[in-house]
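Data block below; observations after.
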Amino acid sequence: MQADEQDRPLLKVRNLRVEFATKSNIFSRQKSSVKAVDGISFDIKRGETLGLVGESGSGKTTAALAIARLLEASGGEVNLNNVDLLQLEREDLRQARTKLQFIFQDPYSSLNPRKRAEEIVREPLDSLTDFDQVKRQKIVDNLFDSVGLRHEQKKLFPHQFSGGQRQRLGIARALSTNPELVICDEAVSALDVAVQAQILNLLKDLQANLGLTYLFISHDLGVVKHMCDSVVVMYMGKVVEHANREQLFSAPKHPYTKTLLNAVPKLDVALDVTEVQNQMSKSATENSFVNGCKFFDRCPLSQPKCKEVAPELGETQTGHWVACHMIS
Amino acid sequence: MMDRKTENSEYLEQASSPSAEAWEMFKRNHAAMAGLVILFVITIGSIFGPLIYPTDPFDMVWAPFSPPGEEGYLFGTDYLGRDLLAMVIHGARVSLVIGLSAAIVSIFIGVTIGALAGFYRGYIEEILMRVTEFFQVLPTLLFSMVIVALFGASLTMITIAIGIVSWTAVARITRSEFLRIRELEYVMASRASGVSNTKLMFGIILPNALPPIIVQSALMVGSAILFEAGLSFLGLTDPNVVSWGQIIGSNRQYILDASYTVTIPGIAIFVTVLAISLVGDGLNDALNPKLRAR
């Protein structure tokens, strides 16, 4: 029974789709839409961290917002504890939010400039719980301790904090309702490297202490390697590779993942800029409407078949899923 | 460690809210402070003036068209021999109250419509913005004249008429601020915290959208005073109350013979509207974070 509970994934995302309608021209009846997230699926086990990586515009953040119901999904399922979040309405949805919280990318725009630090941290408690004032105050105090902020700072306004401290406030807010799943959307990319390390270690400590589960979105592969148990690679709204950390970083299979890993600048190896440029030079939006593989025109392995048929995500070895015709 | 602590305690002493910072900025603007002082004097004068100078503005106290200073009447008398100083003092109250309450009416309508349009978007926005545009293209003076003519020239009706024709600018400003702010991450964060739509609109977004609305409102008080003066000038006013515009309107036939009867209340309107504009400009600078020295 205990083992069952442990093994069952906390979050199951199935075939999640998000489409944005592009404004139809006044002269044409045709309605078109952009598929920002095009049917992605993955599981996150309780207490684990899943990394969602991809270049800008690949749909990572959109997917995360849709999972948190901050953006309407066009279809699919998002099961948290076997409850489909996408089907919830009003009060049920509000209650479900206590179990799922969000840490935002930009510590400067994610805190209301007109509220004091303690009000910001208390906001989820105020609107989602019916604890009395004393208990709320106690929770806020504890949160300030656990994210490493001093109690005298409770009355300050956001602009009086540094970037790292602001992100700590964002983390405290996300943890106030004692959530099970925390979505970190590029939670450290706006911070400088030294502060990044502090925040990442804070997140890891909190995970160990509170048993949190993270959906960790980042374009920084170094950070992902440090944080995540398994990694999903997205390209133009689709999952191209899904594997655990060791497999992905030691033996990447999808050509896009390989390119992505090669594109990471390393201190000791001179980056072959021209090669990366050759592969990444073409605009990613050019082929967004073709039926075949989205990576077709940038892929070193592309074949005529790739242009016609979109590859399905297939398991190449246990726990390692790749969507590519050339790998099987 | 000790060092860090003292440094931090100094930092804490500077703890100030955005509105306190704006006030600091406002205080440094001399023109705006002058405007505020003038406005303060006028307001106090309109409240306590009638007590200090209790002459009834409708009493015929002396011969008509007595020039300023004669027989102890500081501003002279009008075409009926009424004391012009008493009229200006008593009229201040009506002008200011109408200016202020008409501005409040239009801010209320404008903010509500702009907030709903900017927050909900979609067809609600389409409908509300078409309504706004409809009111925007109406000839304002004519429309308010029709309202006053239809429903009677009481002060309430005049206030409502001015409010109804001048809310469109506020609605558009509020909507554009809402469109900008609703996409910011802290609004998303509040949504993720389960904050209700009403609270999001009026508790989270509106306070952050206020600066341009406040500026617009300050300027609107000035234009509402002018509007009331315009209506009074055309005779669309309650004949039983004095306002600055009404003084000008009733004396306008004698503008060549006794120009002071029109100039003096005119100066009163000018000074008040100028003071309000200065305060409005000061607010604009003080509330604009881009101009704030960091």
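The values are calculated or read from the model by the stated rules, or taken from the named source; none is laboratory data. If you're wondering where the values come from, they're calculated on a predicted model, not measured in any experiment. With ideal geometry, Cβ positions are generated from the backbone for all residues, glycine too; neighbour counts draw on all protein chains shown.
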If B:Val165 passes every condition in (1) over 16 Å from B:Leu219 (Cβ atoms); (2) touching a Leu at 6+ places or on another chain (Cβ under 8 Å) but one, which one does it miss?
(1)
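Yes/no matrix, rows are residues, columns are (1) on the phi < 0 side of the Ramachandran plot; (2) modelled with pLDDT of 90 or more; (3) in contact with a helix residue (DSSP H, G or I) (Cβ under 6 Å, 6 or more places away or on another chain):
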site	(1), (2), (3)
A:Asn112	yes, no, yes
A:Asp126	yes, no, no
A:Ser146	yes, no, no
A:His159	yes, no, no
A:Arg173	yes, yes, yes
A:Val188	yes, no, yes
A:Val193	yes, no, no
Cβ-Cβ below 6 Å, separation at least six or inter-chain, first residue in segment A:43-57 and within 17 Å of A:Gln105 (Cβ to Cβ), second basic (Lys, Arg) and surrounded by 24 or more Cβ atoms within 10 Å (Cβ to Cβ): which pairs?
A:Leu52/A:Lys60; A:Gly54/A:Lys60
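Here are some residues: A:Lys225, A:Lys294, A:Lys238. Which one is of a type in the set (Lys, Arg) and either modelled with pLDDT under 85 or out of contact with any Lys or Arg (no Cβ under 8 Å at 6 or more places or on another chain) (or both)? Give the steps one after another, and end with the answer.
Values: A:Lys225 fails: either modelled with pLDDT under 85 or out of contact with any Lys or Arg (no Cβ under 8 Å at 6 or more places or on another chain) (or both); A:Lys238 fails: either modelled with pLDDT under 85 or out of contact with any Lys or Arg (no Cβ under 8 Å at 6 or more places or on another chain) (or both).
Result of the check over A:Lys225, A:Lys294, A:Lys238: A:Lys294.
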When the residues of segment A:157-184 are narrowed to those that are part of a helix (DSSP H, G or I) and among the charged types (D, E, K, R), which ends up nearest to A:Leu80 (Cα to Cα)?
A:Arg173
The number of residues in segment A:144-156 that are free of Cβ contacts under 8 Å to residues at least 24 places away in the same chain and either touching a Gly at 6+ places or on another chain (Cβ under 6 Å) or within 11 Å of chain B (Cβ to nearest Cβ) (or both) is 2
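Looking only at segment B:186-210, count every residue that is under 25 Å from B:Glu126 (Cα atoms) and either within 12 Å of another protein chain (Cβ to nearest Cβ) or free of Cβ contacts under 8 Å to residues at least 12 places away in the same chain (or both) and tell me the total. First the steps, then the outcome.
Of all residues in segment B:186-210, those under 25 Å from B:Glu126 (Cα atoms) come to B:187-188, B:191, B:196-210.
Subset that is either within 12 Å of another protein chain (Cβ to nearest Cβ) or free of Cβ contacts under 8 Å to residues at least 12 places away in the same chain (or both): B:187-188, B:191, B:196-200, B:203-210.
Number of matching residues: 16.
Every residue, every condition in (1) touching a residue at least 24 places away in the same chain (Cβ under 8 Å); (2) touching a Phe, Trp or Tyr at 6+ places or on another chain (Cβ under 9 Å), yes or no:
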{"residue": "A:Ala190", "(1), (2)": "yes, yes"}
{"residue": "A:Ile199", "(1), (2)": "yes, no"}
{"residue": "A:Leu206", "(1), (2)": "yes, no"}
{"residue": "A:Gly211", "(1), (2)": "yes, no"}
{"residue": "A:Ser218", "(1), (2)": "yes, no"}
{"residue": "A:Ser230", "(1), (2)": "yes, yes"}
{"residue": "A:Gly237", "(1), (2)": "yes, no"}
{"residue": "A:Glu246", "(1), (2)": "no, no"}
{"residue": "A:Phe249", "(1), (2)": "yes, no"}
Just name the residue that is nearest to the chain's Cα centre (by Cα) out of those in segment A:168-195 that are closer than 22 Å to A:Val53 by Cα and small (Gly, Ala, Ser).
A:Ala187
Considering residues of segment A:157-176 that are facing chain B (nearest Cβ under 8 Å) and surrounded by 21 or more Cβ atoms within 10 Å (Cβ to Cβ) only, the residue farthest from A:Pro113 (Cα to Cα)
A:Arg173
